[in-house]
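Each remark here refers to the structure printed beneath this line.
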Amino acid sequence: MTSFQSARIRLTAWYVVISALIGITFSIVIYEVVTQEIRQGFIVAEQRLRIGPIASQRAQLFLHEEYQAATKAVFVRLLIMNSAIIASAGIAGYFLAGKVLLPLEEMVDDQKRFIGDASHELRTPLTTLRSEIEVFLRSKRVSPKAKELAESNLEEIQKMQDLVSSLLALSKYTDSRDIQFESLNLSKIAEEIADKHAIEAKRQKIKIEKNLEPVIVSGDKTSIRQLLSILLDNAVKYNNQGGVVTISTKSSRRNAIIKIADTGTGIPKEDLSHIFKRFYRVDPSRSKDSVEGYGLGLSIAKSIVELHKGEISVVSKIQKGTVFTVLLPK
Ligand code: ADP
């Protein structure tokens with residue numbers, strides 16, 4: 001179900017609840033007023049019967065039954081009316097919610113397409129620029145100054161390419177129609193991603209420890225790889241020399257549980273609720289400076305987890321470390 005479909009259903013539910021509340025309130029008032037009137041009429045009739053020449057007990061009983069039948073009839077009619085109101089509010093609400101949300105859905109789709117298209121368009125010139133500079137650098141007649149400049153340009157191009165890839169990933173992982181679910185062995189993927197990061201970790205004198213129990217989930221392989229890669233990359237990036245990163249997978253009754261813990265810089269308390277937002281980075285003076293990034297990794301990670309109907313949470317202590325926990329339904 002897309003987020004717009006669930007928003008449409010939620011909006012319809014609100015229409016129904018509001019209509020039901022109004023209908024029931026009015027019905028209670030109507031019921032009270034009408035039964036009061038009926039009661040009044042029957043009391044008068046009963047009194048007339050009593051002072052009449054023949055005070056028949058049977059007639060009084062009959063009157064009482066009639067009174068109960070009349071109030072029951074009022075109740076049943078109000079019940080039918082309310083059911084009709086709720087049913088029509090549901091149908092009209094669903095239709096109206098669709099009308100209200102359609103322009104928003106189109107706008108978001110347009111935005112997503114724009115980000116996707118723009119990133120695509122930027123990819124080709126960046127690749128060309130990169131290969132041209134690489135060819136230039138291979139030439140023997142390049143002066144040291146020109147070489148230094150070209151190398152610095154290459155670094156900038158790499159950053160732009162990373163940004164473009166992140167933007168493409170963000171636009172891709174906003175819609176479950178764009179991913180393919182299959183049965184995945186999570187511990188195997190975690191092992192593979194941990195090994196991939198081992199070289200960079202070793203370079204920074206950081207140890208990656210694995211504690212992987214086999215877990216099978218239904219998920220999209222590429223995006224799950226990217227999710228683990230983002231979390232492991234951060235755990236290494238924001239760690240200290242000699243630090244440790246632990247990746248673990250295990251299974252509970254309903255979920256697969258992935259934990260990525262590090263002994264790094266930690267995240268200040270006031271930043272914890274913001275780190276999953278796009279382009280949000282913790283103030284470098286309070287975390288670790290000179291760490292490259294655009295603040296998009298965790299928002300991509302969150303989109304991926306949400307596409308899998310899972311949950312991602314974080315616990316962190318300054319200068320002690322951070323633990324990211326991902327729950328994915330099995
Ligand atoms: P990026 O790493 O590109 O800045 P992210 O979205 O991956 O962007 O992370 C957002 C911010 O959260 C980072 O700038 C960093 O300050 C903080 N952060 C993320 N993971 C960790 C971690 N494991 N330890 C400490 N800080 C972290």
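Points worth noting:
- Residue within the stretch 264-279 that is touching a His at 6+ places or on another chain (Cβ under 7 Å) and either among the β-branched types (V, I, T) or within 25 Å of L170 (Cβ to Cβ) (or both) present: no
The rows are residues; the columns are (1) in contact (Cβ under 8 Å) with a residue 12 or more places away in the chain; (2) surrounded by 15 or more Cβ atoms within 10 Å (Cβ to Cβ); (3) farther than 20 Å from I91 by Cα.
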residue: S6; (1), (2), (3): no, no, no
residue: R10; (1), (2), (3): no, no, no
residue: A20; (1), (2), (3): yes, yes, no
residue: V44; (1), (2), (3): no, no, yes
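- Taken over the stretch 291-307, the criterion of being assigned to a helix (DSSP H, G or I) and either within 6 Å of the ligand (Cβ to nearest atom) or touching a Lys or Arg at 6+ places or on another chain (Cβ under 8 Å) (or both) is satisfied by G297, L298, S299.
- Of the residues making up the stretch 1-23, just one is at pLDDT below 90, among the aliphatic types (A, V, I, L, M) and in a helix (DSSP H, G or I), namely A7.
- Selection status of L137, outside any helix (DSSP H, G or I) and either surrounded by 13 or more Cβ atoms within 10 Å (Cβ to Cβ) or in contact with a Cys (Cβ under 6 Å, 6 or more places away or on another chain) (or both): no
- F62 passes every criterion in (1) within 25 Å of the chain's Cα centre (by Cα); (2) surrounded by 12 or more Cβ atoms within 10 Å (Cβ to Cβ); (3) at pLDDT below 90 apart from (1).
- Pairs, first more than 12 Å from A169 (Cα to Cα) in the stretch 110-129, second at pLDDT 90 or above, C-beta under 7 Å, six or more apart: L122/V164; R123/V164; L126/I157; L126/M160; L126/Q161; L126/V164; L129/I157
- Among the residues making up the stretch 249-266, those that are surrounded by fewer than 24 Cβ atoms within 10 Å (Cβ to Cβ) and away from the ligand (no atom under 15 Å from the Cβ) are K250, S251, S252, R253, R254, N255, I257.
- Residues satisfying the stated conditions in the stretch 209-227, i.e. away from the ligand (no atom under 13 Å from the Cβ) and surrounded by 16 or more Cβ atoms within 10 Å (Cβ to Cβ): L212, V215, V217, G219, D220, S223, I224, R225
- Residue in the stretch 308-324 that is of a type in the set (A, V, I, L, M), near the ligand (Cβ under 9 Å from one of its atoms), under 27 Å from L168 (Cβ atoms) and buried (at least 18 other Cβ atoms within 10 Å of the Cβ) present: no
The values are calculated or read from the model by the stated rules, or taken from the named source; none is laboratory data. Just so you know, these numbers come straight off a predicted model, no measurement behind them. Note that each Cβ is placed from the backbone with ideal geometry, even for glycine, and that neighbours are counted across all protein chains shown.
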